1. Measuring from centroid to centroid over Cα atoms, what is the spacing of the range C:174-242 and the range C:291-340 in Å?
2. Taking R0 as 45 Å, what's the FRET efficiency between B:LYS8 and C:ALA170 from their Cβ-Cβ distance, rounded to 0.05?
3. Any idea of A:LYS34's accessible area? Nearest 10 Å², probe 1.4 Å.
4. Roughly how many percent of the accessible protein surface of the range C:131-257 is carbon and sulfur, given a 1.4 Å probe and a whole-percent answer?
5. With θ set to phi - 60° and the Karplus curve 6.51 cos²θ - 1.76 cosθ + 1.60, what are the ³J(HN,Hα) couplings of the range A:171-181 in order, to the nearest whole Hz, using x for Gly and Pro?
6. With all protein chains present and a 1.4 Å probe, how do D:SER307, D:SER202 order by accessible area, largest first?
7. Using only C-alpha positions, report the orientation-averaged shadow area of the convex hull of the range C:100-186, nm², one decimal.
8. Using each residue's phi in the range D:127-141, evaluate 6.51 cos²θ - 1.76 cosθ + 1.60 at θ = phi - 60° and report the 3J(HN,Hα) Karplus result to the nearest Hz, with x for Gly and Pro.
Amino acid sequence: MPAKYFELRWHARAGQGAKSASQMFAEAALEMGKYVQSFPEYGAERTGAPMKAFNRVSDEPILVHSSVENPDVVIVIDDTLLGNPDIVSGMKDDSVLIVNTVRGEDFVRAKTGFKGKVCTIPATDIALEEFGKGIPNTVMLGAIAKVTGVITLESAEERIRKTFGKKFSEEIVEANIRALRRGFEEVNCSA
Amino acid sequence: MPELKGWKEVPIGGIIDKPATAKEYKTGTWRVIRPVHQIENCIHCMMCWLYCPDQAIVIEIVDGKPKMKGYNYDYCKGCGLCANVCPKTNDKLPVDKRAIIMKPETEFQE
Amino acid sequence: MRQINPDVVAAYPITPQTPIVEYFAQYVADGLADTEMIPVESEHSAMSAVVGAAASGARAMTATAANGLALMHEIVYIAASLRLPIVMPVANRALSGPINIHCDHSDAMAERDSGWIQLWAENAQEAYDFTLMAIKIGEHEDVRLPVMVNLDGFIISHGVEVVDFIDDEAAKKFVGKPIVKYPLLDLNNPVTYGPLDLYDYYFEHKRQQIEAMKHVKHVFKQVAKEFEKISGRKYDIIEKYKTDDAEYIMIALGSTAGTIKYTVDLLREEGHKVGLVKPWVFRPFPKEELQEILNGRKAVIVLDRAASFGAEAPLYEAVKSALYEAAVRPQIGSYVYGLGGRDIKVEDIRKAFEDAFEGNLIADEERYLGLRE
Amino acid sequence: MALNIMQLATLFADKNPGITQGHRLCPGCAAPNVVKFALMIAKAKGFEPVVGLATGCLEVSTTIYPYSAWNVPYIHNAFENVAATISGVETAYRALARRGRLVDPDKKYAFFAFGGDGGTYDIGLQSLSGAIERGHKFIYIVYDNEGYMNTGNQRSGSTPPGSQTTTAPVGKKLSGKVQIKKNIVEIMAGHENVYVATVSTSEPMDFFKKIEKALEFDGPSFIAAFSPCVRFWRVGDDKAVDISKLAIETGYWPLYEVERGVYRITKRLKELKPVRQFIEAQGRFKPLLKKADADDIVNEIQEYVTSRWERLLALEEATKDKPIR
């Protein structure tokens with residue numbers, strides 16, 4: 001029996017950092033000794049165009065290199081994308097939809113028609129409050145850690161320290177860690 | 001995305017045998033900020049029309065003169081260039097006096 | 001080329017293709033042809049310009065050799081992918097380096113997967129005949145592909161031989177008016193040539209090219225029949241020389257086939273049942289034709305004027321692969337010869353035949369004719 | 001008589017300029033306007049544009065199969081050969097016209113080739129030079145965004161010194177690209193039998209006039225269009241025109257033309273604004289400006305810009321009424 005992979009699909013707009021977020025997620029899982037994949041879907045689209053990125057996580061080496069068809073988790077970075085039928089494509093009843101939005105579950109359901117578990121988090125607002133930039137990646141990472149348990153808060157923290165520590169001041173690193181924790185704590189899921 | 005066709009159904013050589021098929025691709029979905037036309041402040045100078053990179057400005061000829069009618073939101077990507085080049089829009093003017101105002105797209109979601 | 005009187009010719013001089021272009025330029029200068037010539041600044045631009053011209057709805061030609069063909073390489077693929085029926089004589093020459101201006105087939109072999117039809121001429125007559133036929137084959141509705149007419153550099157390109165020309169009117173009538181599809185200059189139906197074709201359609205377009213190649217053989221035969229009517233000369237996918245009762249068959253492309261025919265005659269006088277098969281069409285590969293003719297023979301000797309470094313020589317590899325499905329597989333041997341214009345003599349060919357007579361062909365062993373040890 | 005904006009708007013209120021909506025260039029990109037300006041003038045003057053494109057942002061974003069943002073005949077061949085390709089098209093036009101095989105024999109055709117700076121200054125220079133030298137009647141327009149933006153901001157022969165690119169990044173030792181931008185206008189003007197001009201969308205009337213001139217010129221034309229890449233120049237999506245204006249006012253992008261060797265400045269500047277203003281307005285120079293040697297590099301650019309402006313004035317004086325051919 002081949003290994004079961006845990007699969008994620010990200011929806012965002014080109015330039016919103018979903019590719020880096022998917023990489024950070026993979027690295028956080030790597031930090032926990034897992035096998036990981038992270039890859040964007042390359043088209044010719046420019047800044048602002050809807051784009052996708054994918055992750056696979058497994059306890060065993062990952063052999064499959066095709067794109068993710070039936071994701072366990074779908075993450076939407078920009079809630080203006082929710083009306084796009086691509087969002088729920090291939091989702092199963094037990095898949096989870098995590099959305100960066102200031103609106104609630106009802107809005108997400110109305111826009112997507114998705115019946116399974118929905119989680120919302122105002123990640124852009126939290127990012128703005130914590131480090132003054134509307135880049136929701138670290139907040140989303142916290143939310144994913146809470147909802148999926150595939151990565152732990154500690155592994156994500158470790159990863160942020162390593163990646164951001166090289167480029168940014170201690171202050172910015174700490175702000176991102178706060179953002180991560182808030183993502184973990186403030187994500188709001190349906191039953 | 002239209003339905004994908006099989007190899008026997010499409011013209012050879014990757015040739016697109018009809019012009020302007022890109023109109024079927026609505027770039028308006030890219031927009032996060034929306035320009036809104038306040039016609040009462042507009043002097044119909046056509047600067048927005050000239051500079052819109054996505055040809056999303058709708059104009060109409062009235063008495064032989066072009067008039068700005070508003071936006072084609074199917075294509076507007078929300079770059080804001082129209083507001084920037086608009087002589088009746090700048091930071092010093094109060095919002096209600098501007099010809100073009102930029103609003104977050106989320107305000108139009110419901 | 002003068003009789004075809006194409007709309008546009010773009011070319012850049014390279015030995016040994018130069019005489020083709022020089023003669024043609026003189027015809028144009030003398031008013032014997034009224035083609036628009038584009039004296040481009042490189043072969044890359046030659047192929048680029050004929051792509052532009054052919055897309056526009058013009059009958060367009062160029063000619064090249066060796067390094068020139070290699071410089072065109074990128075656009076050679078594009079010409080086929082855009083389904084433009086360009087015709088290009090190639091005076092086959094060794095591809096550097098070190099630089100060498102003489103005949104071998106390494107230049108054309110490097111383009112064998114480019115999507116072009118490849119015709120191979122043995123002599124000036126065939127080169128002339130194929131150039132006329134190529135126009136009709138490439139433009140055919142079922143094909144729409146560019147055609148490379150290969151002729152051995154210097155041996156044919158600079159040789160002086162007796163050629164039987166068809167009279168101008170008959171030739172003109174034979175090639176007919178260009179058959180045009182999706183002309184770029186049609187303003188009423190603006191088309192887009194060469195879009196970005198990603199994973200959702202690229203494969204489908206390649207499949208169409210594969211299909212077009214499958215149609216080449218029947219179109220070739222049809223065109224050959226028409227050509228026979230005006231010329232009396234008969235062509236097929238492959239030429240069979242004294243193969244009816246042959247036990248030993250040699251296979252080769254281009255001018256060497258003539259020398260082999262001579263050798264076959266000599267050996268037949270000595271009582272050996274030998275023959276020659278010469279592919280006139282190399283792309284698409286005459287797989288079925290070879291299977292049919294080679295099945296049950298004692299031995300097949302394949303001569304290649306190109307090496308494939310780290311693999312078997314190109315013609316040999318393809319013939320051997322075709323024989324996989326033969327009911328009774330003959331012995332088979334691979335001989336590489338004539339690289340960089342090294343002469344191939346009757347004795348060399350006789351030597352290869354003698355290996356076969358002795359039962360001394362080894363499928364897995366590449367041998368060399370005319371090479372100093 | 002040059003067309004003005006109101007006339008164009010009236011003319012194109014319900015008529016497409018040649019490039020259509022639904023292209024996927026970045027929001028605020030300057031390139032589609034370069035195309036729109038050129039093709040509108042051609043159409044307004046009764047020409048039927050036929051367009052060739054070099055591989056690049058404009059090409060990939062306007063023709064993603066099966067979507068084409070062109071409603072004029074269009075051909076893309078490869079990266080380095082748009083000039084050769086369009087020379088084949090233009091030659092075919094002459095051949096077919098002579099032989100009576102054009103579908104629309106009575107129309108006035110205008111052949112355009114567009115390329116980015118990568119496809120023009122660098123990889124496409126040979127085929128461009130060849131096509132201009134052969135004298136094909138076509139208009140080549142480079143949309144100059146000073147780098148390989150299609151592949152993600154690598155340096156080109158057009159990238160200015162100190163600008164941040166991924167292949168000449170600002171680091172501890174090096175401050176970005178060290179070489180000065182190649183002067184493509186001079187290279188093209190050196191072909192002599194050619195009309196060469198610089199344009200910017202921020203000066204539309206000047207742009208229109210030069211396109212008209214190119215359309216009427218009896219031979220090849222080369223137009224260099226300043227075309228900010230809002231994404232990799234790190235400026236706001238709405239800033240393409242602002243940055244273009246600064247480029248002109250500082251003398252960084254002088255507006256002039258060279259017709260058969262005769263220089264003419266079309267936008268005379270009383271004084272040049274400091275080029276620092278142009279540099280500081282863009283994020284691509286931010287890493288440079290943080291460095292100790294920033295002033296040296298900015299000064300070097302300033303010196304170059306000033307001396308080139310002075311040289312232009314002198315050339316204008318020296319070449320007056322002295323066409324080469």
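The values are calculated or read from the model by the stated rules, or taken from the named source; none is laboratory data. Predicted model, so just to flag it, every value in this text is computed and none were measured. Virtual Cβ from ideal backbone geometry, glycine too; neighbours counted across all protein chains shown. When the accessible area is computed, the model is the full protein with side chains, heavy atoms only, and any ligands, DNA or RNA have been set aside. Shrake-Rupley method; radii C 1.70, N 1.55, O 1.52, S 1.80 Å.
1. 28 Å
2. On the way: r = 38 Å, r/R0 = 0.83.
The formula returns an efficiency of 0.75 here.
3. Rounded to the nearest 10, the figure is 50 Å².
4. On the way: 3070 of 5640 Å².
Answer for the range C:131-257 is 54 percent, counting heavy atoms of protein chains only.
5. Here the 3J(HN,Hα) series is 4, 5, 4, 5, 4, 5, 5, 4, 4, 4, 5 Hz.
6. Values: D:SER307 60, D:SER202 10 Å².
Result, largest first: D:SER307, D:SER202.
7. On the way: hull surface 30.4 nm².
For the range C:100-186, the mean projected area of the Cα convex hull comes to 7.6 nm².
8. Working through the residues one at a time gives 5, 5, 4, x, 5, 5, 4, 6, x, 4, 8, 8, 10, 9, 10 Hz.
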